[in-house]
């Protein structure tokens, strides 16, 4: 990082870096567990996979005390206002992880009851697709979140279904293929 | 000055730490006493029944996985059995045993999760960690057979997706021994634990008459002393050949439900062992003499007419389809071409197989049961899981109704809670084992 | 004598149709006699149907497989089970589109309460004498009844967020 060209000064830059480093290993998460993905969330949190190794093992059950919102499982239209309220109650800085394909795009529940992606309601930082994602996948997503926290990046935009702006390109068509499978396809 | 007495309204949920599931309770409290409870559900309504009307019969399986997501295999079996009843077909012995083995594994995972989570909510964190460890062993078994840990979509109408892997029985016996160890550990940690005992005993009592009137089944009903179990009352698959007991309680309180679930897990493990000993050998077709060749190569050879020896070759499949090749086919699938997909070798290497495959998966074709209706109950982890399917003779179900076992239990929740104190909500709700996916569908 | 035959004997003129497709004994009865039939099934000792296992409805609009009569659109379906005798019976009540209303069984079986609320929520079938007939799975703001065949499966009515 060149401190001469950086918009922030040398000391504030270094301070932000230190803050990011401290933040990324002390993730206080709020697990907003609704559905099937909760089972894999439990597996990830329990001793076998142990997300405590990444400093994210401490769930806080008050949105005011937490800085990462894990939205785990399908959100339907009855639940959507509750999710929004929980998100609004969280203090800055805050990040949102969409856990499972229902929260990313709505998945195969394309029907009257289900919200087609929570990013239409609240801004999402990390998408972890999978139905439900395997614990390894979750840990991968968590590491990506840590990188984002280190850089101090936060997503602020909502997804607009009409303009199709605000969701990563690979998720646009409700695509749920994770990267390893893509590589196999392109290599053959 | 006289103390003014008034009741307080407390809203619990839909996202609450003491609730592993989305449900909202509006409670009227007087001091710590619960005077009234209003239960609000529907926070995980995902339109299971409507979605099933829009897809073909085999495509419903992914949706059934997500009903009771802690024991998805039982849901799969229930749905498949109902459609088979509607079609009037029977399945081979080996696949019946496989279905029972997988259902019982699922039941153990369900009870482990239920007990672990409710113990954790009472502060016994290590029990939760141990039980999830045991569940992880069982998930490894499930993954070995189905290719997925949780949402498995394993059962097919007229059979199962894949046969058991070679050497599965040995590994299963190992894992069962490990699970037994965990159960003993859990038993030691909880059963003589003063705190656990005091918080569970005499709380959340329901009488036999009330339980019947509310239509409650499963471990919840058995804890009151009624030994109703679909596996005994209306045996399906091969349950009538297995030696198992139906554990019952006496008082119908939380402690009894805990004991019933603990005892049921032991019975389920026994059943798996018996099945693994009784199961007829597979693969039925024996070893093929040809080579193992990739699918693309097989298709190319068939297209070019190089069919010499092709019938004896085996296809190398994607890992998720392992165990579904020709040599396993007859052992696990019903002999019904109009229902079951052909073995992959014939799909790739001859036109009849390809046509058969297309006739079952193409829009407008598919499995077409006769016009009629059928209800089939299986014993789910929470009680009687019944599917009611109406067919209009086309490839989509006209109506799929699932009788969710925790729905009646939740409707009885006010009965269980009113009169007790606020802190009793946690053990009572834990022992109900509410699964939102199945409650709201 | 099977439970179905007993019902047939008792309510000969109120039974529209019976069948036992795949062994599921079914009686289709007129809506007016539902309470009497239910009471008879529950309280006759030889029948003893003490469980109301399931209560649901089916919408037969545009049904291709042939219906009892075109005037009936809905059918409310009751699955009963007897613990003592270990037998089951299915009772169906056809209802017209203009007046989908049937007696509530809340007084006989406590489980009917929530099931009837669900049927009201999903199909708009009213239950006479139900103490608390309001939506259970959907929210109060939801318009229409989602499981009816003329409700499109992906017509959303969001409370917040983009409107469809």
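Numbers at a glance
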quantity	calculated
Answer residue from the stretch B:181-224, given it is at positive phi and under 24 Å from the mean Cα position of the chain (by Cα) and is surrounded by the fewest Cβ atoms within 10 Å (Cβ to Cβ) among those	B:218
Leading residue by the ranking (farthest from residue B:104 (Cα to Cα)) among those in the stretch B:211-225 that are out of contact with any helix residue (DSSP H, G or I) (no Cβ under 6 Å at 6 or more places or on another chain) and facing chain C (nearest Cβ under 9 Å)	B:213
Residue in the stretch B:105-126 that is free of Cβ contacts under 8 Å to residues at least 12 places away in the same chain and either at the interface with chain A (Cβ under 9 Å from one of its Cβ atoms) or more than 19 Å from residue A:41 (Cα to Cα) (or both) present	no
All strands (runs of 3 or more DSSP E) inside the stretch C:1-79 with 3 or more residues being in contact with a strand residue (DSSP E or B) (Cβ under 9 Å, 6 or more places away or on another chain), at negative phi and surrounded by 18 or more Cβ atoms within 10 Å (Cβ to Cβ)	C:26-29, C:51-59
Condition check for residue B:384: under 26 Å from the mean Cα position of the chain (by Cα), surrounded by 22 or more Cβ atoms within 10 Å (Cβ to Cβ), in the same structural domain as residue B:103 (by TED's automatic domain parsing) and over 21 Å from residue B:100 (Cβ atoms)	no
Any helices (runs of 4 or more DSSP H) falling wholly within the stretch B:210-317 and containing at least 2 residues that are without any contact (Cβ under 8 Å) to a residue 60 or more places away in the chain	B:230-233, B:254-278, B:295-303
Complete set of residues in the stretch A:61-88 that are free of Cβ contacts under 8 Å to residues at least 40 places away in the same chain, within 11 Å of chain B (Cβ to nearest Cβ) and either more than 16 Å from the chain's Cα centre (by Cα) or part of a strand (DSSP E or B) (or both)	A:61, A:62, A:76, A:77, A:78, A:81, A:82, A:85
Residue in the stretch B:144-156 that is assigned to a helix (DSSP H, G or I), surrounded by fewer than 23 Cβ atoms within 10 Å (Cβ to Cβ), at the interface with chain A (Cβ under 10 Å from one of its Cβ atoms) and over 16 Å from the mean Cα position of the chain (by Cα) present	no
Of all residues making up the stretch A:6-43, the number that are in contact (Cβ under 8 Å) with a residue 24 or more places away in the chain and within 14 Å of another protein chain (Cβ to nearest Cβ)	15
Count of residues meeting criterion [within 10 Å of the chain's Cα centre (by Cα) and assigned to a helix (DSSP H, G or I)] in the stretch A:95-118	2
Flag if residue C:137 is within 12 Å of another protein chain (Cβ to nearest Cβ) and touching a residue at least 24 places away in the same chain (Cβ under 8 Å)	no
Verdict on residue B:132 being assigned to a helix (DSSP H, G or I), assigned by TED's automatic domain parsing to the domain that holds residue B:245 and farther than 26 Å from residue B:66 by Cβ	no
Condition check for residue B:229: within 13 Å of another protein chain (Cβ to nearest Cβ) and under 26 Å from the mean Cα position of the chain (by Cα)	yes
Residue check for residue B:348: in contact with a strand residue (DSSP E or B) (Cβ under 7 Å, 6 or more places away or on another chain), crowded, with 21+ Cβ neighbours inside 10 Å and either away from chain C (no Cβ under 14 Å) or not in a strand (DSSP E or B) (or both)	yes
Residue match in the stretch B:412-419 (condition: facing another protein chain (nearest Cβ under 10 Å) and in contact with a strand residue (DSSP E or B) (Cβ under 8 Å, 6 or more places away or on another chain))	no
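The values are calculated or read from the model by the stated rules, or taken from the named source; none is laboratory data. Just so we're clear, the structure is a prediction, and the values are computed from it rather than from any experiment. For neighbour counting, all protein chains shown are included, and Cβ atoms are generated from backbone atoms with ideal geometry for every residue, glycine included.
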